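Have a look at the structure below before the remarks.
FYI, it's all coordinate maths here, none of it is from the lab. Given the structure is predicted, the values throughout are model-derived calculations rather than measurements. Methodologically, a virtual Cβ is constructed for each residue, glycine included, from the backbone with ideal geometry; neighbour enumeration extends over all protein chains shown.
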Amino acid sequence: MTILITGSAGHLGEALMRTLRASSQAVRGIDIASSGFTDRTGSIVDRAFVRGCMKGVRTVIHAATLHKPHVATHSLQEFVDTNITGTLVLLEEAMAAGVGSFVFTSTTSTFGYALTPAEGMPAAWITEDVTPVPKNIYGVTKTSAESLCELFHRKQQLPVVVLKTSRFFPEEDDDAAARSLHSLDNAQANELLHRRADIEDVVQAHLLAARHAPRIGFGRYIISATTPFARDDLQMLRENAAAVLRRLFPEAEALYAKQGWTLPRQLDRVYVNELARRDLGWQPRHDFAHVLRSLREGRDFRSQLARKVGSKGYHAEAFDDGPYPVA
């Protein structure tokens, strides 16, 4: 049976398409944008288009979305149309087609204001139990779409797994202050400590979620690199993260120095992937220890898949003051 991938022209969509095609899996990629990984071009809001694409499909991986980078360039209604209505159309048509497994790509951005504790407070320990407090229309619509997914499981018994992914895009941070602290490679290596995943690991999480959804029924999981930190580290992470890293990874500072890199000064949150590893059998390979091994061996810490997909951007135009405009 065919796997349907929405958003096949995007970072994750392309990575999923590449991986599934390489394994000779029957897969169908759809997107509003044409690409080498898009089999059918159209909108997920177009019910007739979605219905046609759903024929013969047993599994849906719904990665299509308007992202945070679109907040300043797209209307609130466009976010509602794509992220909420589009998800509803897919859920309804999946039910009608007898789909047995539905995976929804959400985001840790839904946690919003819960991600940044007040001054002087410890770093936030972010698990699936943290209540989302969205800070923009992106977070609001993704949270609403998650609720739709849960509703379809509870009311229609559709097996659905929601994956709340952390950063896996290769573009620079949208925060100018953050960009000024570290080079791009340095910043993204640091983020694997607490708020980033390699796209290869994200793909594997989606494929595992699709396989296990019928057993799980409904589940919501944080997908981020495995952190080396424990709850006892949270106060010091907010005050002096480098000191924690010197204790956990004594060789890190010297390896970083050879690259002209620096360790993070402080961290405000830690994403915890324990539930995904337990329930999905997920074993992410790309963490901070992997970064240090790569530095010792003189190789790129990013996966081959991440390098193949590369940087896509989110807009047709380039911006002088960052990777995308910030609202």
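Under 13 Å from the 7 Å Cα→Cβ point of GLN259, by amide nitrogen: which residues of the stretch 170-209?
182-193
Among residues other than MET121 whose Cβ falls under 10 Å from its Cβ, what is the net charge (Lys/Arg +1, Asp/Glu -1)?
Values: positive: ARG238; negative: GLU119, ASP268.
Net local charge, MET121 excluded: -1.
State, to one decimal in nm, how far the label point of THR131 lies from the label point of ARG246, with both points 7 Å from Cα in the Cβ direction.
Those two pseudo-labels are separated by 4.0 nm.
Do the sum for the chain: with -39,500 (n - 2.57) for every DSSP H run of n ≥ 4, divided by all residues, what is the mean residue ellipticity at 222 nm, to the nearest 500 deg cm²/dmol? Kindly include the intermediate steps, with their values, before the conclusion.
Details: 13 runs with 133 residues, N = 327.
Dividing the helical sum by the residues of the chain leaves -12000 deg cm²/dmol.
Would you kindly derive the ³J(HN,Hα) couplings of the stretch 132-149 from the backbone phi angles with the Karplus curve 6.51 cos²θ - 1.76 cosθ + 1.60 (θ = phi - 60°), listing them in order in whole Hz, with x for Gly and Pro?
These are the phi-based 3J(HN,Hα) values: x, 10, x, 10, 7, 5, 4, x, 4, 6, 5, 4, 5, 5, 4, 5, 4, 4 Hz.
Got the relative contact order for the chain handy, in percent, Cα pairs under 8 Å and 6 or more residues apart?
Working: 623 pairs, mean separation 61.3, N = 327.
Once normalised by length, the contact order is 19 percent.
Taking 0.36 nm per residue of sequence separation and subtracting the Cα-Cα distance, how much length would be gained by fully extending the chain between ARG293 and ASP268, in nm to one decimal? Provide the component values of the computation, followed by the final result.
Numbers: separation 25, 0.36 × 25 = 9.00 nm, distance 2.54 nm.
Full extension of this stretch gives 6.5 nm more.
Under a Cβ-Cβ cut-off of 15 Å, what is the net charge of the residues other than PRO214 that fall near it, where Lys and Arg count +1 and Asp and Glu count -1? Don't skip to the end; give the middle numbers.
Details: positive: ARG58, ARG211, ARG215; negative: ASP279.
Charge balance in the 15 Å sphere: +2.
Going by how many other beta carbons lie within 10 Å of each one, how would you line up MET95, MET17, fewest first? The partial results should precede the final answer.
Numbers: MET95 16, MET17 27.
By the 10 Å Cβ count, ascending, the order reads MET95, MET17.
All other residues with a Cβ under 14 Å from the Cβ of GLY56 taken together, and with Lys, Arg as +1 and Asp, Glu as -1, what is their net charge?
Values: positive: ARG28, ARG40, ARG51, LYS55, ARG58; negative: ASP39, GLU93.
Here the count lands on +3.
Mind checking which of VAL57, GLY29, PHE169 is farthest towards the positive end of the chain's charge dipole, using Cβ charges of +1 (Lys, Arg) and -1 (Asp, Glu) about the Cα centre?
Highest projection toward the positive end goes to VAL57.
So if I take the centroid of the Cα atoms in the stretch 185-245 and the same for the stretch 28-43, what is the distance between those two points in Å?
So the separation of the two Cα centres works out to 29 Å.
What is the extension gain from GLU119 to ARG179, computed as 0.36 nm multiplied by their sequence separation minus the C-alpha to C-alpha distance, in nm to one decimal?
On the way: separation 60, 0.36 × 60 = 21.60 nm, distance 2.15 nm.
Contour length minus Cα-Cα distance gives 19.5 nm.
Which of GLU200, GLU171 has the fewest other C-beta atoms within 10 Å, and how do the rest follow up to the most? Mind dumping the intermediate values first?
On the way: GLU200 22, GLU171 17.
Ascending Cβ contact count within 10 Å gives the list GLU171, GLU200.
Magnitude of the Cβ-charge dipole of the chain, K/R +1 and D/E -1, about the Cα centre, nearest 20 debye?
Its charge dipole is roughly 1060 debye.
Quick one: angle between helix 11-22 and the longest Cα principal axis of the chain, in degrees between 0 and 90, rounded to 10, please.
70
Could you list LEU66, LEU148 in order of exposure, starting from the residue whose Cβ has the fewest other Cβ atoms within 10 Å?
Working: LEU66 22, LEU148 18.
Arranged by neighbour count, lowest to highest, LEU66, LEU148 become LEU148, LEU66.
If the viscosity is 1.306 mPa s and the temperature 10 °C, what translational diffusion coefficient in µm²/s does Stokes-Einstein give for the stretch 178-262 when Rh comes from Kirkwood over Cα pairs? Display every interim value, and only then the final one.
On the way: Rh = 15.2 Å.
My calculation gives 105 µm²/s for D.
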